[in-house]
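Here is the structure we will look at, set down as structure tokens.
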Amino acid sequence: MKKLKHIIDNGIYLLRLMRSCSVKTFYLMLIQIPVKVLFPFLGILLSQMVVRVLTESGDPQELIAGIVIIGGLLITGGVLDQYTAGSLQIMMSMVQSGLEERIMENEITADYEELEQKSKSGIFEEAMDYIWRNNSFIPRSAENMVELFSGLFGFLLYAVVLSELHIGILMIIIGTTLVSFLFADLGAKERRKMGWNIATRYITKLHEVSSQPKAGKDIRLYRMGSWFEEKFQDYLTQSRRNFHGKIARKNFKSGWIDAVMRVVRDGVSYGYLIWILYQRRIGAADFVLMTGAVAGFSEWVTKIAVQLANTGQMSAEISVIRECLKEKRSGEETIPSADWKLELDEIVFDHVFYRYPGSDRYVLRDISFTVKKGEKLALVGMNGAGKTTCVKLLCGLFAPTAGRILVNGRDVSEYGRREYYRLFSTVFQDSAVLPVSIMENVAQNRESIDADRVKDCIEKAGLKQKVESLPQGYDTLLVPELNSSGITLSGGQMQRVMLARAIYKGASALILDEPTAALDPIAENRIYMEYNRLVNGKISVFISHRLASTHFCDNILLLQNGEIREAGTHEELMAINGEYARMFALQSYYYQENMG
């Protein structure tokens, strides 16, 4: 019962969405429901009328008038049906575009913690797939809704017409039709159930590997071509035998079951009609009406069964989309306190714990530290130690599960997000590069850009010579996948763009969350030193798993398994000869010359 209520709720949501996009088309859709039922029925009535005139000496003029009227109605219905179908396509494109726009808006404005969880689960990609994939329910939802309700209406109308038949005949028609439906397309069902079997996956992987240039070198140099051909043939044989053979047998089963059900249904129903015609319980005209109604009745039963089966798919897809549209806002519009000032004096982590929603495992446990204006703090440790989670908490992207984060003596939850975000110039390992010009990437907007300031920041970041050597200079577009004239900068050059962006923002705190992890240790150390040179007087937080990149900091916290294991300056941590000293000794081979 709960599942049925959920399906109905999602169906109502979809209908309201359609109506909000186009009221006119929505009502056309409602009109199309009786049209799809009544106009085929008019054809049956016309046949009955012809037989009645021929067998019962009816008035030919009445027949001609009936033909003209019914013919006119059929033409009108056909035109209306085609017009409505086209209008529904336009309406559904509006629904799809509207859903995509709302999901994108929610991605931008939603609480970051929720956004990250949904991104990790792939729910956004799943929702977009449902919205635009041709074989999903959403693009065909208007058509499916019309089919479902016209099926219900047609079932009732034809049941009334056939009410003179024995109830057992109706039950046989319904039962055999449902059996045919349940066993229909067994091959397609088996294909969905099996997915890609092992042989098919191997064939696909062989195709994928053999088409890659980097694999092509090995295939040719080590003469692996014959091995690929042999494996391809083996898996192809397995695929044909195990996969396609099984599907073919299922399709054969569907075919003979449907044939048997049709013989039973038609034999019983038409045999009964012939019998009552022979008994003169109905006339020839009514016999024609009944035979047409029997055929139509089974079609309406099938249509209802198909569309009811689709409602499960509809509900699942709508549920995913509605989950993406849940409006848990990040609080960016919150008005900050009157005494709020855009300057950081002190940040305090006070016994902070954190675990991700839905998880029982704490990724941070009892984290406490203080960093003051002008100080440089380093968070170091191996991957998965909790460093990035600390940064997201510090920036206000996450809220502590327990404990407090104090900024200038007040809990961060008391401040508006929009103003709070202005405090931090943060460069993450996966910082986003926008498909716009270098100047716009540095300024992070397309209006009110201080061009001289951008150029100064580019120069401070050490990228002036490179940028000015480009044909379009500061107006050079990035991301060539979206810009035909765009370019791709090297990893080091891109990090300097990120540095220029951080300088341009001019925030009270600078945070580097392993933005140079893809670079070699020497290049990383150079970039970190350049950041260090530019952050005097600000709160600075440096995150790295390479210890030499943060040796210049005033305080270093070594994180392990979400806890602070060691804290102090580089010299103090080396003196206690603990985990920090051990990790530093292991890494020093790569960069000890750069520390001199």
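Residues of segment 255-285 being among the polar types (S, T, N, Q) and either open to solvent by 80 Å² or more (accessible area, probe 1.4 Å) or not in a helix (DSSP H, G or I) (or both), which ones? 279, the sole residue that qualifies.
Residue 442 - would you say it is in contact with a Cys (Cβ under 8 Å, 6 or more places away or on another chain) and under 16 Å from residue 507 (Cα atoms)? Criteria met by residue 442.
Residues in segment 400-430 that are of a type in the set (S, T, N, Q) and open to solvent by 30 Å² or more (accessible area, probe 1.4 Å): 401, 408, 413, 426, 429.
In segment 125-138, of all residues being open to solvent by 30 Å² or more (accessible area, probe 1.4 Å) and in contact (Cβ under 8 Å) with a residue 40 or more places away in the chain, the one that is farthest from the chain's Cα centre (by Cα) corresponds to 130.
Of all residues in segment 349-366, which are free of Cβ contacts under 8 Å to residues at least 60 places away in the same chain and of a type in the set (A, V, I, L, M, F, W, C)? Across segment 349-366, the qualifying residues are 349, 352, 353. Only one of the listed residues (570, 551) is over 42 Å from the mean Cα position of the chain (by Cα), within 23 Å of residue 425 (Cβ to Cβ) and surrounded by 19 or more Cβ atoms within 10 Å (Cβ to Cβ). That residue is 551. Just to be sure before I move on: is residue 89 open to solvent by 30 Å² or more (accessible area, probe 1.4 Å) and polar (S, T, N, Q) in the structure I sent? In short, yes. For segment 480-524, taking the residues that are polar (S, T, N, Q) and closer than 20 Å to residue 425 by Cβ, the one that is modelled with the lowest pLDDT is identified as 516.
Inclusion of residue 392 among residues that are touching a residue at least 40 places away in the same chain (Cβ under 8 Å), out of contact with any helix residue (DSSP H, G or I) (no Cβ under 8 Å at 6 or more places or on another chain) and open to solvent by 10 Å² or more (accessible area, probe 1.4 Å) is not warranted. Being open to solvent by 20 Å² or more (accessible area, probe 1.4 Å), charged (D, E, K, R), out of contact with any Asp or Glu (no Cβ under 9 Å at 6 or more places or on another chain) and within 27 Å of residue 505 (Cβ to Cβ), is that true of even one residue in segment 345-355? Within segment 345-355, one or more residues are open to solvent by 20 Å² or more (accessible area, probe 1.4 Å), charged (D, E, K, R), out of contact with any Asp or Glu (no Cβ under 9 Å at 6 or more places or on another chain) and within 27 Å of residue 505 (Cβ to Cβ).
Okay, residues lined up against (1) at pLDDT below 70; (2) over 26 Å from residue 41 (Cβ atoms); (3) part of a helix (DSSP H, G or I); (4) aliphatic (A, V, I, L, M):
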{"residue": "184", "(1), (2), (3), (4)": "no, no, no, yes"}
{"residue": "207", "(1), (2), (3), (4)": "yes, yes, yes, no"}
{"residue": "217", "(1), (2), (3), (4)": "yes, yes, yes, no"}
{"residue": "241", "(1), (2), (3), (4)": "yes, yes, yes, no"}
{"residue": "248", "(1), (2), (3), (4)": "no, yes, yes, yes"}
{"residue": "253", "(1), (2), (3), (4)": "no, yes, yes, no"}
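When restricted to residues that are touching a strand residue (DSSP E or B) at 6+ places or on another chain (Cβ under 9 Å), loosely packed, with under 15 Cβ neighbours inside 10 Å and in contact (Cβ under 8 Å) with a residue 60 or more places away in the chain, segment 367-389 contains 4. The single condition among (1) touching a residue at least 24 places away in the same chain (Cβ under 8 Å); (2) loosely packed, with under 14 Cβ neighbours inside 10 Å that residue 474 does not meet is (2). Can we say residue 98 is among the small types (Gly, Ala, Ser), farther than 23 Å from residue 320 by Cα and open to solvent by less than 30 Å² (accessible area, probe 1.4 Å)? It is false that residue 98 is among the small types (Gly, Ala, Ser), farther than 23 Å from residue 320 by Cα and open to solvent by less than 30 Å² (accessible area, probe 1.4 Å).
Selection of segment 262-271 for residues being modelled with pLDDT of 85 or more and either in contact with a helix residue (DSSP H, G or I) (Cβ under 8 Å, 6 or more places away or on another chain) or not aliphatic (A, V, I, L, M) (or both) yields 264, 267, 268, 269, 270, 271. Of all residues in segment 317-336, none are of a type outside the set (Val, Ile, Thr), surrounded by 18 or more Cβ atoms within 10 Å (Cβ to Cβ), modelled with pLDDT of 75 or more and not in a helix (DSSP H, G or I).
Whenever a residue of segment 39-58 is assigned to a helix (DSSP H, G or I) and at pLDDT 80 or above, its partners that are buried (at least 16 other Cβ atoms within 10 Å of the Cβ) and of a type in the set (Ser, Thr, Tyr), lying with C-beta atoms within less than 9 angstrom and at least six residues away or across chains, give the pairs 41/158; 44/291.
Only one of the numbered conditions (1) at pLDDT below 90; (2) of a type in the set (A, V, I, L, M); (3) assigned to a strand (DSSP E or B) is not met by residue 348, and that is (1).
If you scan segment 563-586, which residues turn out to be within 14 Å of residue 369 (Cα to Cα) and not aliphatic (A, V, I, L, M)? Once the filter is applied, which keeps residues that are within 14 Å of residue 369 (Cα to Cα) and not aliphatic (A, V, I, L, M), segment 563-586 yields 563, 565, 566, 568, 569.
The values are calculated or read from the model by the stated rules, or taken from the named source; none is laboratory data. Because the structure is predicted, anything quoted here is derived from the model rather than measured. When we count neighbours, we look across all protein chains shown, and the Cβ atoms used for this are built from the backbone with ideal geometry, even at glycine. All accessible areas refer to the heavy atoms of the entire protein, side chains included, with ligands and DNA or RNA removed. Shrake-Rupley method; radii C 1.70, N 1.55, O 1.52, S 1.80 Å.
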